[in-house]
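The values are calculated or read from the model by the stated rules, or taken from the named source; none is laboratory data. In this text, all values refer to a predicted model and were calculated from it rather than measured experimentally. We place every Cβ from the backbone using ideal geometry, glycine too, and count neighbours over all the protein chains shown.
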Amino acid sequence: MSRPPMVEDEIIEVREKILDTAALIMMEEGFYGLSMRKIGKRLGMTGANLYNYYSNKDEINIAIRLRAGRLLFNVLESAYEGGRTLSEKLWRMIRAAVSFGITQSPYYGILVDLPTPKYTDYIGTPQEALAKEELDSSLRSWQLVIQCMEEFTASGGHIPGNIKDFQIALWSQVHGLISLYNNGLLSLLEDAPEERVGEVAKLLYEIVCRMLNIAPVTIDNESNFL
């Protein structure tokens, strides 16, 4: 008796499992170490079945980056909308970004760290349109933080330098903290790296508040920062 056709939710679940597995392989072996055969082997899927979901590893690479960008934007947008003041929004967004970078490290690493083909590499190829969609999606997180800073200056606040430079400086500090944890260096320096990540994130937030001349919100000592 033949298997009944998969419903949409089942198809999405399989596609996401493929992306999760491919992301792990890419973090272990890089983009050029990724192959449809390796993905299929880890998932126990035949090549023919795998190709029902994705046509090649370039499509998978773009799909991973697209999903990563959407996941990051969703947590940042939720943090932004959950804050009542700029100070609260800022803390919630820093915390959300750090938590995402660590708990979703394969997706974060591929989105911002790993040298994989990006939009410009796909111009003139069959994947160009999908790659452009991925680029636009990934930039939404960047644009959300800029929006937050523009709202601050529009209300009379002052940002050192200009908004884009301040944005780059802020992202660099957040990314540095995530990288120290994800590459294992923080574990060599600290017995409780998760706790240290939380403390450093709070310190970074307080420094940024001083730079913006705004009062930081009171942050409870939370054991589950991540």
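Please state which of the following conditions Gly157 fails to meet, knowing it meets all the rest: (1) under 23 Å from Met27 (Cα atoms); (2) outside any helix (DSSP H, G or I).
If we test Gly157 against (1) under 23 Å from Met27 (Cα atoms); (2) outside any helix (DSSP H, G or I), just (1) comes out false.
For Ala22, state whether it is at pLDDT 95 or above and either of a type in the set (D, E, K, R) or over 30 Å from Ala169 (Cβ atoms) (or both).
Details: at pLDDT 95 or above: yes; either of a type in the set (D, E, K, R) or over 30 Å from Ala169 (Cβ atoms) (or both): yes.
Against the criterion (at pLDDT 95 or above and either of a type in the set (D, E, K, R) or over 30 Å from Ala169 (Cβ atoms) (or both)), Ala22 qualifies.
Answer yes or no as to whether Arg65 is under 27 Å from Ile11 (Cβ atoms), among the charged types (D, E, K, R) and either in contact with a helix residue (DSSP H, G or I) (Cβ under 6 Å, 6 or more places away or on another chain) or not in a helix (DSSP H, G or I) (or both). Write out each step before concluding.
Working: under 27 Å from Ile11 (Cβ atoms): yes; among the charged types (D, E, K, R): yes; either in contact with a helix residue (DSSP H, G or I) (Cβ under 6 Å, 6 or more places away or on another chain) or not in a helix (DSSP H, G or I) (or both): yes.
In short, yes.
So the check is Cβ under 6 Å with 6+ separation or different chains; which pairs have a first residue in region 38-56 that's closer than 20 Å to Pro117 by Cβ and a second one that's at pLDDT below 95 and exposed (fewer than 12 other Cβ atoms within 10 Å of the Cβ)?
Note: no pairs meet the criteria.
Quickly run through region 181-192 and pick out the residues that are of a type outside the set (Gly, Ala, Ser), part of a helix (DSSP H, G or I) and over 20 Å from Trp91 (Cα atoms).
Here is the first cut: in region 181-192, the ones of a type outside the set (Gly, Ala, Ser) are 181-183, 185-186, 188-191.
With the extra rule that they be part of a helix (DSSP H, G or I), the set shrinks to 181-182, 185-186, 188-189.
Selection gives Asn182, Leu185, Leu186, Leu188, Leu189.
For every residue, the table says whether it meets (1) closer than 30 Å to Phe166 by Cβ; (2) at pLDDT 95 or above; (3) within 22 Å of the chain's Cα centre (by Cα).
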{"residue": "Arg37", "(1), (2), (3)": "no, no, no"}
{"residue": "Met45", "(1), (2), (3)": "no, no, no"}
{"residue": "Ser55", "(1), (2), (3)": "no, no, no"}
{"residue": "Ile62", "(1), (2), (3)": "no, yes, yes"}
{"residue": "Leu72", "(1), (2), (3)": "yes, yes, yes"}
{"residue": "Gly83", "(1), (2), (3)": "yes, no, yes"}
{"residue": "Arg92", "(1), (2), (3)": "yes, yes, yes"}
{"residue": "Ala96", "(1), (2), (3)": "yes, yes, yes"}
{"residue": "Gly101", "(1), (2), (3)": "yes, yes, yes"}
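So, of the residues in region 105-153 that are in a loop (DSSP other than H, G, I, E, B) and surrounded by 18 or more Cβ atoms within 10 Å (Cβ to Cβ), which turns out to be modelled with the highest pLDDT?
Kept after step one, since they are in a loop (DSSP other than H, G, I, E, B), are these residues of region 105-153: 113-118, 123-127.
Those left that are additionally surrounded by 18 or more Cβ atoms within 10 Å (Cβ to Cβ): 116, 127.
Details: Thr116: 92, Gln127: 95.
Residue satisfying both the conditions and the ranking: Gln127.
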